Amino acid sequence: MGEYRPLTEGLRAYRLIAGMWVRSTLTYRASFAMTAFGGLVVTGLDFVTIVLMFSRVDVLGGYSLPEVAFLYGLSATSFGLADLAIGSADRLGRRVRDGTLDILLVRPAPVLAQVAADRFALRRIGRVAQGSLVLGYALIASDIAWTPVKALMVPGMLVCGGAIFSAVFVAGAAFQFVAQDASEVQHAFTYGGQTLLQYPPTVFGKELVRGVTFMFPLAFVNWVPAAYVLGRPYPLGGLPRWAAFAPPLVAVGCCAAAALAWRAGLRSYRSTGS
Amino acid sequence: MDAFIEVDRVEKVFEVRRRTGFMKRVKRQVRAVDSLSFTVARGEMVGYIGPNGAGKSTTVKMLTGILMPSAGRLRVAGIDPSRDRTRLAHRIGVVFGQRTTLWWDLPLIDSYRLAHRMYRIPDARYRENLERCVELLELGALLDVPVRQLSLGQRMRGDIAAALLHDPEVLYLDEPTIGLDVVSKAKVRGFLKELNAGSGTTVLLTTHDLQDIEQLCSRVMVIDHGRLMYDGALAGLHEAGEGERTLVVDLERELPPIEAPSCRVVRVAGPRQWLAFPAGRSAAPLVAHIAAEYPLVDLSVREPDIEAVIAKMYAEKAVS
């Protein structure tokens, strides 16, 4: 059988289970079509509200519409990617409560992969699509002084942002081992964080920006690196110049912390049980 | 014979927090499994019984690696379950009577295809096992039916098949016949018997149904309050618990209470009489005696209620 490799095994299990859920969803085609369409309308309207705001004002916190669209596109797309990949992890609490987590635990695959693929919902691709459209508009409409580094940073931000949001999802799921009804708290950080990042940091209070930079480092999804790309000052005065290139480090740090939290959570489940 | 499942002084303590007021909590320790020791040899079929909350499920969860024991040593096929959960998963099959592992909205066969790939079952082996399960559990007509449309009995059979496709060496069944009708129960039992005899699969089943044990298991373990109360043959259990079987006799007419050796009449209602006799004994001599001495029309034997036997056993233990 060879040596056991959690990462490849996990990805394989993820693919298998996600595939099963896609097929399950497609057995109710009409329902799938309607929720997918509804989702697209709702996410579409989300950006429309910002556009409407700009019909009254020319700048928001010093940012023009294309610049806000840049922030919005980065935030929505990276969040969408994370939500698509492991957003279902917030259902863990329910599985703990009704005891069906046990079924996942007797399968020969990493539990995290199974939990992440649980109820995999293809319709979440809508969020990624909408975010990418807004990002595309921003790239065309804004007058960024492009350099090769800046061009590379855009896909880099999406990947790192996705990883940071994923880490938040996993940490939230880990917390649900302890508090099974904490999914709303988790939403405050995931959905809430995503909405926060869609607006320029300059519209928020300094304390909030500081918290989101140092304590709960969502600012590295877009605020800090995007400020560099747009040629604007960093949201916090004291940040060093290289902070714009920190997202990969931050992402790795977040993922490591989330992995530790997950292990601790799973361990506590195995010692508490039901 | 080698010990396939080893449980050595295993304990499981849960910490239960109870709210006693705003922000105030009292921690209390609940000992779900208390210094439990037993071994099961390869190929054995063991019934694991006890009242609700006795620690049955906790034991099974520890044996499958879902829960980690608080103390003691646990080995299944030489593997420490909670440490090597995924490696162990390839060698065990689990059926949770109350929760299905099948995919609700998809045809039954899809769940099996997933198992095929997830457990990396060689193609030939998979086809062979599936064929055998389909034949013995009569699943042929159900393979293309979405699981949500199956009856409880059909789903249970489907679940059992799903747990066996990867050739597990041991099969844990948690209440496999709960809620099933007589025909479905018989099918499930027949299959398990065949499985144990044919493939030599070790089977550990928890149940409330005494007939499951009677028809399947050569050995019973009784657990109560996390402790092993009894471990041995079923007949011995009745003796240990001083259980009594009841012989219900219908006579031609009303008669005074029957007199026969080693039994007592517990109730008389018209021509029908109820006789209690020790459960460890055969009913045959008693029946022969009554048939010879009395005008017998009909009779039936009632087994003692397992819960009652255990309750009695526990009460005695507490006194002594």
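The values are calculated or read from the model by the stated rules, or taken from the named source; none is laboratory data. Please read all numbers here as calculations on a predicted model, not as lab measurements. Here Cβ is always computed from backbone atoms with ideal geometry, including for glycine, and neighbour counts include all displayed protein chains. What goes into the accessible areas is simple: the full protein's heavy atoms, side chains included, and nothing from ligands, DNA or RNA. Shrake-Rupley method; radii C 1.70, N 1.55, O 1.52, S 1.80 Å.
The figures follow:
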read-out	value
Verdict on B:His225 being in contact with a strand residue (DSSP E or B) (Cβ under 8 Å, 6 or more places away or on another chain), modelled with pLDDT under 85 and not hydrophobic (A, V, I, L, M, F, W, C)	no
Boolean, A:Ile86 is open to solvent by 10 Å² or more (accessible area, probe 1.4 Å), touching a residue at least 24 places away in the same chain (Cβ under 8 Å) and more than 14 Å from chain B (Cβ to nearest Cβ)	yes
Number of positions in region A:99-119 that are more than 16 Å from A:Gln176 (Cβ to Cβ) and either more than 11 Å from chain B (Cβ to nearest Cβ) or assigned to a helix (DSSP H, G or I) (or both)	3
Search result, residues across region B:196-222 that are surrounded by 19 or more Cβ atoms within 10 Å (Cβ to Cβ), within 15 Å of B:Leu137 (Cβ to Cβ) and out of contact with any helix residue (DSSP H, G or I) (no Cβ under 7 Å at 6 or more places or on another chain)	B:Asn196
Count of region B:280-298 residues which are open to solvent by 60 Å² or more (accessible area, probe 1.4 Å), touching an Asp or Glu at 6+ places or on another chain (Cβ under 8 Å) and not acidic (Asp, Glu)	1
Test for B:Gly93: is it at the interface with chain A (Cβ under 9 Å from one of its Cβ atoms), within 18 Å of B:Asp167 (Cα to Cα), open to solvent by less than 10 Å² (accessible area, probe 1.4 Å) and in contact with a Leu (Cβ under 9 Å, 6 or more places away or on another chain)	yes
Whichever residue in region B:263-279 is open to solvent by less than 40 Å² (accessible area, probe 1.4 Å) and either outside any strand (DSSP E or B) or aliphatic (A, V, I, L, M) (or both) and, among such residues, is farthest from B:Ala233 (Cα to Cα)	B:Gly270
Residue match in region B:66-86 (condition: within 18 Å of the chain's Cα centre (by Cα) and either more than 20 Å from A:Pro108 (Cβ to Cβ) or among the hydrophobic types (A, V, I, L, M, F, W, C) (or both))	no
Any helices (runs of 4 or more DSSP H) falling wholly within region A:206-274 and containing at least 1 residues that are exposed (fewer than 14 other Cβ atoms within 10 Å of the Cβ)	A:206-210, A:247-272
Test: residue in region B:70-82 that is without any contact (Cβ under 8 Å) to a residue 24 or more places away in the chain, open to solvent by less than 10 Å² (accessible area, probe 1.4 Å) and either assigned to a strand (DSSP E or B) or within 13 Å of another protein chain (Cβ to nearest Cβ) (or both)	yes
Sole exception among (1) open to solvent by less than 90 Å² (accessible area, probe 1.4 Å); (2) modelled with pLDDT of 90 or more for A:Gly2, by number	(2)
Residue match in region B:54-65 (condition: open to solvent by 60 Å² or more (accessible area, probe 1.4 Å) and of a type outside the set (Gly, Ala, Ser))	no
Condition met for B:Ile109 (more than 7 Å from chain A (Cβ to nearest Cβ), surrounded by fewer than 20 Cβ atoms within 10 Å (Cβ to Cβ) and modelled with pLDDT of 95 or more)	yes
Test set (1) without any contact (Cβ under 8 Å) to a residue 24 or more places away in the chain; (2) closer than 25 Å to A:Ala116 by Cα - A:Met53 fails condition number	(2)
Checking A:Gly136 against (1) open to solvent by less than 40 Å² (accessible area, probe 1.4 Å); (2) modelled with pLDDT under 95, the condition it does not meet	(2)
Residue list for region B:247-262, filter: open to solvent by 30 Å² or more (accessible area, probe 1.4 Å) and touching a residue at least 12 places away in the same chain (Cβ under 8 Å)	B:Asp250, B:Glu252, B:Arg253, B:Glu254, B:Leu255, B:Pro257, B:Pro261, B:Ser262
Members of region A:191-205 found to be part of a helix (DSSP H, G or I) and surrounded by fewer than 22 Cβ atoms within 10 Å (Cβ to Cβ), listed by number	A:Tyr191, A:Gly192, A:Gly193, A:Thr195, A:Leu196, A:Thr202, A:Val203
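Conditions tested, residue by residue: (1) touching a Phe, Trp or Tyr at 6+ places or on another chain (Cβ under 6 Å); (2) modelled with pLDDT of 95 or more; (3) assigned by TED's automatic domain parsing to the domain that holds B:Glu169; (4) of a type in the set (D, E, K, R).
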{"residue": "B:Gly65", "(1), (2), (3), (4)": "no, no, yes, no"}
{"residue": "B:Gly93", "(1), (2), (3), (4)": "no, yes, yes, no"}
{"residue": "B:Leu114", "(1), (2), (3), (4)": "no, yes, yes, no"}
{"residue": "B:Asp123", "(1), (2), (3), (4)": "no, yes, yes, yes"}
{"residue": "B:Leu143", "(1), (2), (3), (4)": "no, yes, yes, no"}
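Per-residue answers, yes or no, for (1) touching a residue at least 12 places away in the same chain (Cβ under 8 Å); (2) touching a Ser or Thr at 6+ places or on another chain (Cβ under 9 Å); (3) over 23 Å from A:Ala129 (Cα atoms); (4) part of a helix (DSSP H, G or I):
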residue	(1), (2), (3), (4)
A:Thr8	no, no, yes, yes
A:Ser24	no, no, no, yes
A:Phe32	yes, yes, no, yes
A:Val41	no, no, no, yes
